[in-house]
Protein chains: 2
Amino acid sequence: MGGRAYRATVDTDRLAQQLSAVVGPDHVLRDPALRASYETDFTGRYRGRARLVVRPADTAQVAQVLRRCHAAGVPVVAQGGNTGLVGGSVPTPDGGEVVLSLRRLDGIGAVDTAVGQVTVGAGVVLSDLHRRVAAHGLEFGVDLAARDSATLGGMIATNAGGERVVRYGTTRANVVGLEAVLADGTVLNRLAGLPKDNTGYDLTNLLIGSEGTLAVVTRARLRLVPRLPERVTALVGLDSLEAALDVVARLRLLDSLELAEFFMAEGLALVLETSGLPAPFRTAYPVYLLVECAGRHDPAEELAGVLDTAGPGETAVALADADRRRLAAYRERHTESINAAGVPLKLDVTVPLAELPGFVADLPGVLAGRGRPYLFGHLAEGNLHVNLLQVAAEDEEAVTGAVLERVAAVGGSISAEHGVGRAKARYLHLSRSDAEIAVMRSVKAALDPAGVLNPGVVLAEDTALFGRDFRL
Amino acid sequence: MGGRAYRATVDTDRLAQQLSAVVGPDHVLRDPALRASYETDFTGRYRGRARLVVRPADTAQVAQVLRRCHAAGVPVVAQGGNTGLVGGSVPTPDGGEVVLSLRRLDGIGAVDTAVGQVTVGAGVVLSDLHRRVAAHGLEFGVDLAARDSATLGGMIATNAGGERVVRYGTTRANVVGLEAVLADGTVLNRLAGLPKDNTGYDLTNLLIGSEGTLAVVTRARLRLVPRLPERVTALVGLDSLEAALDVVARLRLLDSLELAEFFMAEGLALVLETSGLPAPFRTAYPVYLLVECAGRHDPAEELAGVLDTAGPGETAVALADADRRRLAAYRERHTESINAAGVPLKLDVTVPLAELPGFVADLPGVLAGRGRPYLFGHLAEGNLHVNLLQVAAEDEEAVTGAVLERVAAVGGSISAEHGVGRAKARYLHLSRSDAEIAVMRSVKAALDPAGVLNPGVVLAEDTALFGRDFRL
């Protein structure tokens, strides 16, 4: 917060000149029309105003940009594909920040097949990485719906999750080293990718998930996994969430489970209405489970072995790619179908599996009529995407608070995979104790004493100092 | 280092009284005979003198002990099974520290089979954990030779590696949350075990591998993996390390590889001499590779598919447990066989795979006759255990420096899995840049401003202030 007092004295012309000397004048954007796409997030919910947008080409330029902003006391918001949902990658409305776009750092290094690793720039788009490594019989273990826009730098800054966490973990588990630049321009480089390296504190994991508040990630060394040739997908209609959780618990004992998604009757009805897809089964079920298993051996038999004892319900199994995609579409089309029906209030939470059926049953009571819930998500991790339609603008804050408080009360997390950003900074105390927040603040002060990296993200600023509050 | 100046004024009698009131008089050890086993490490190489040894029973007692030591400015060395090899868990020779033994925190919680997790106390011994979870068809992914003594707390503090890292990662990858106590007695609790939880900085990973210098781990939530029923082990004699690395690179593309160990002709000769085991093959080979694959399906065929094209050499394959153990013994008996031949200087390093054959070929030149090398280790990660016999006491420091400098020169890590401890603190700059060490010092100052937690471990103290230097 110390970096805020002298903002009024910053000479933006002079800073723009300095930064132009670093990155070239074409890559310092001042024109509001050119800045616009960097100032508004993916959902349109968060709009800010950048002092400048700067687009460095490499790590050395990032370091120089940060050094100059730090010297000028100007806050910096690092931005990748800008696909976040919590307002962590856009500037605030008061226009004080420089937006540091990492998208030009888009180099993909040679794929090291001997150790199964590759080094990528922060600006590499996920689907480009997928394509590059597939040619070597390898895969990157993280995949998510925003794959055509999300950058690896942003995924690392937010520890992105996605659909395959049950097998490969979150982004954290798939990063073996980072290069990053501290607030003052100091470069930390840890890209050797050594799988065993116990030489002091794990700064890589400290930076992963820190949402641009401790350092700016410029490159990453990623772990790759073998591409598995045999794959089977199944959609199961079930009577209850308890039944779905029971199936997942038994599938987890196989070594082939890769995906365990769920959705519910209300969401499927919306999908069928919007998409024109045929209903998956003749009967409607309260809960649907979409699972995928993969391996070097055909996992269909072991999957069938579990599903055959799944209790009342129906199962559709697909082996061919087109058929698998057809089943997956019922889950994947939820987001667009919900968006077609209105602008949802989206909350992304984890609920402990044992508490999950009770949480879902109690949700209407928590909402008390202030919104219509559509639930889907990653059942293996208890990760619910709570989409609420028809929430009145004046109820949004109260509804958000009520849902997140219930999540916390049952021992869950108020942010499963989207991060805290600015949107949830005020609710952080629901998931982290005062002692943890105090340690986080001391770590922030240790790495960014001037407080110039993404202020107000993760750790709420004193709004009296910060000026205008950033509304959820 | 601020905590050191007033050590002379500490009233040990008074402190012992205060700590007795917390843990009971039977668990504050002052008698040198009772203290002895806590003051000497596993190898006998590190011997110190504790002011007191304190054995709390639970987290609340740990917090009170730390609060009182903090108030008195007395440094604390946390200790688990005391199986470390780098002097990180024993007091210094000057006798200023309280040794905080965590062994009584040995509770194992209910095994949660639905999510595959269990909560354990820091003092739980690894083999006890293995036995407990096996009954549920599950395993803990980390295994190592010291399994009958090593505690989970110590494994977490040092991010223990072991033999199955190629499949399950190091301890870090198998811990989903921690409870830990800060230097001032503040308890951090993060045991919910939520697999997706992006709510701020990852303090759990910051503490893992911090070797008792940032906080004292009291409990951990662990990830468990399915126990795989089908298992095959093979021993392969090969002409070169290059050939062995080529086999490992191809095995890595299977999803069943669990272990890839190597040893060399010199080590095998010592093992055969000491153990009386028969030679594994009629011919002697320069390099031996021990691999294991496991899965739900018998992996023998896919393993054979790779080994059949492994080039000149011989292969022995075993499926039955007794036969598999017979093959593994050639690797496992290295440590005892080397110890039987003398007191080795042991260095534990990672070398990038591409550099590994060159590093091994150059080693005699680096040693320049000052010791006889026996190499073995975890080939999939380039983790070499360099055991040197016949190093003269006056050469130890120079030899250690020369080997670690060569490791650093080829881009390796000076500590693969044993940690930095006191032994390698002076060499930390070989693996971490000045910028990284500066960040580490700022993090240490943020979490332990009085510097009472394991001072001199990981980050070297100013020896002028510290008094007596702790010799390697």
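Hey, among B:GLY81, B:GLY87, which residue is modelled with pLDDT under 95, touching a Ser or Thr at 6+ places or on another chain (Cβ under 6 Å) and crowded, with 23+ Cβ neighbours inside 10 Å? Full working, then the answer.
Numbers: B:GLY87 fails: touching a Ser or Thr at 6+ places or on another chain (Cβ under 6 Å).
Answer to the selection: B:GLY81.
Across the range A:122-153, the qualifying residues are those that are in a loop (DSSP other than H, G, I, E, B) and β-branched (Val, Ile, Thr), and the one among them that is nearest to A:ASN189 (Cα to Cα) is A:VAL124. For the range B:237-281, a tally of residues being surrounded by fewer than 17 Cβ atoms within 10 Å (Cβ to Cβ), in contact (Cβ under 8 Å) with a residue 60 or more places away in the chain, more than 13 Å from chain A (Cβ to nearest Cβ) and not in a loop (DSSP other than H, G, I, E, B) returns 4.
Within the range A:154-171, how many residues are under 15 Å from the mean Cα position of the chain (by Cα), more than 10 Å from chain B (Cβ to nearest Cβ) and part of a helix (DSSP H, G or I)? So the count comes out to 4. Scanning the range B:399-409 for residues that are in contact (Cβ under 8 Å) with a residue 24 or more places away in the chain and either small (Gly, Ala, Ser) or crowded, with 17+ Cβ neighbours inside 10 Å (or both) yields B:VAL399, B:THR400, B:GLY401, B:ALA402, B:VAL403, B:LEU404, B:ARG406, B:VAL407.
Checked against the criterion of being of a type outside the set (S, T, N, Q), within 14 Å of chain B (Cβ to nearest Cβ) and crowded, with 23+ Cβ neighbours inside 10 Å, the range A:94-110 has no qualifying residue. For the range A:206-222, a residue qualifies if it is closer than 15 Å to A:LEU152 by Cα and either free of Cβ contacts under 8 Å to residues at least 40 places away in the same chain or surrounded by fewer than 23 Cβ atoms within 10 Å (Cβ to Cβ) (or both), and exactly one does: A:ARG221. Picking from residues in the range B:308-336 that are touching a helix residue (DSSP H, G or I) at 6+ places or on another chain (Cβ under 9 Å) and farther than 20 Å from B:ALA279 by Cα, the one that is surrounded by the most Cβ atoms within 10 Å (Cβ to Cβ) is B:ALA310.
Just one of (1) at pLDDT 95 or above; (2) within 21 Å of the chain's Cα centre (by Cα) fails for A:GLY200. It is (2). Determine whether the range A:344-357 contains at least one residue that is among the polar types (S, T, N, Q), within 26 Å of B:GLY116 (Cβ to Cβ) and under 19 Å from the mean Cα position of the chain (by Cα). Yes, the range A:344-357 contains at least one residue that is among the polar types (S, T, N, Q), within 26 Å of B:GLY116 (Cβ to Cβ) and under 19 Å from the mean Cα position of the chain (by Cα).
Select, from A:ALA57, A:ALA71, A:ALA110, the only residue that is under 30 Å from B:LEU245 (Cα atoms), without any contact (Cβ under 8 Å) to a residue 60 or more places away in the chain and outside the structural domain of A:THR213 (by TED's automatic domain parsing). I'd like the intermediate steps shown before the answer.
Working: A:ALA57 fails: under 30 Å from B:LEU245 (Cα atoms); A:ALA71 fails: under 30 Å from B:LEU245 (Cα atoms).
Testing whether each residue is under 30 Å from B:LEU245 (Cα atoms), without any contact (Cβ under 8 Å) to a residue 60 or more places away in the chain and outside the structural domain of A:THR213 (by TED's automatic domain parsing) leaves just A:ALA110.
Restricting to the range A:379-398, count the residues that are away from every other protein chain (no Cβ under 14 Å), over 19 Å from A:GLY419 (Cβ atoms) and surrounded by 22 or more Cβ atoms within 10 Å (Cβ to Cβ). Summing the residues that are away from every other protein chain (no Cβ under 14 Å), over 19 Å from A:GLY419 (Cβ atoms) and surrounded by 22 or more Cβ atoms within 10 Å (Cβ to Cβ) in the range A:379-398 gives 1.
The set of residues in the range A:177-202 that are within 9 Å of another protein chain (Cβ to nearest Cβ) and of a type in the set (Val, Ile, Thr) comprises A:THR186, A:VAL187, A:THR199.
Among the residues making up the range A:337-359, those that are surrounded by 17 or more Cβ atoms within 10 Å (Cβ to Cβ), more than 14 Å from every other protein chain (Cβ to nearest Cβ) and in contact with a Ser or Thr (Cβ under 8 Å, 6 or more places away or on another chain) are A:SER337, A:LEU345, A:LYS346.
Kindly evaluate A:LYS444 against the criterion of being within 25 Å of A:GLU39 (Cβ to Cβ), within 11 Å of chain B (Cβ to nearest Cβ) and at pLDDT 95 or above.
yes
Scanning the range B:23-48 for residues that are under 26 Å from the mean Cα position of the chain (by Cα) and at positive phi gives a single hit, B:GLY44. Could you go through the range A:203-217 and let me know if any residue there is over 29 Å from A:VAL420 (Cα atoms), touching a helix residue (DSSP H, G or I) at 6+ places or on another chain (Cβ under 9 Å) and within 10 Å of another protein chain (Cβ to nearest Cβ). So far as the range A:203-217 goes, no, none of its residues is over 29 Å from A:VAL420 (Cα atoms), touching a helix residue (DSSP H, G or I) at 6+ places or on another chain (Cβ under 9 Å) and within 10 Å of another protein chain (Cβ to nearest Cβ). If you take the residues in the range A:185-205 that are touching a residue at least 40 places away in the same chain (Cβ under 8 Å) and in a loop (DSSP other than H, G, I, E, B), which one is surrounded by the most Cβ atoms within 10 Å (Cβ to Cβ)? Among residues in the range A:185-205 that are touching a residue at least 40 places away in the same chain (Cβ under 8 Å) and in a loop (DSSP other than H, G, I, E, B), the one surrounded by the most Cβ atoms within 10 Å (Cβ to Cβ) is A:PRO195. The single condition among (1) more than 14 Å from chain A (Cβ to nearest Cβ); (2) touching a strand residue (DSSP E or B) at 6+ places or on another chain (Cβ under 6 Å) that B:ASP298 does not satisfy is (1). Select from the range B:51-72 the residues that are under 14 Å from B:VAL452 (Cα atoms), of a type in the set (A, V, I, L, M, F, W, C) and surrounded by fewer than 19 Cβ atoms within 10 Å (Cβ to Cβ) and list them in ascending order. Hit for the range B:51-72 is B:ALA71, nothing else.
For B:LEU303, are the conditions met, namely being assigned by TED's automatic domain parsing to the domain that holds B:SER413 and not in a loop (DSSP other than H, G, I, E, B)?
Spelling it out, it is not the case that B:LEU303 is assigned by TED's automatic domain parsing to the domain that holds B:SER413 and not in a loop (DSSP other than H, G, I, E, B).
Filtering the range A:369-424 to residues that are of a type in the set (Ser, Thr, Tyr) and either farther than 29 Å from A:ASP143 by Cβ or within 17 Å of the chain's Cα centre (by Cα) (or both) leaves A:SER413, A:SER415.
The values are calculated or read from the model by the stated rules, or taken from the named source; none is laboratory data. None of these values were measured; they are calculated from a predicted model. Positions of Cβ are generated from backbone atoms using ideal geometry, with glycine treated the same way; all protein chains shown enter the neighbour counts.
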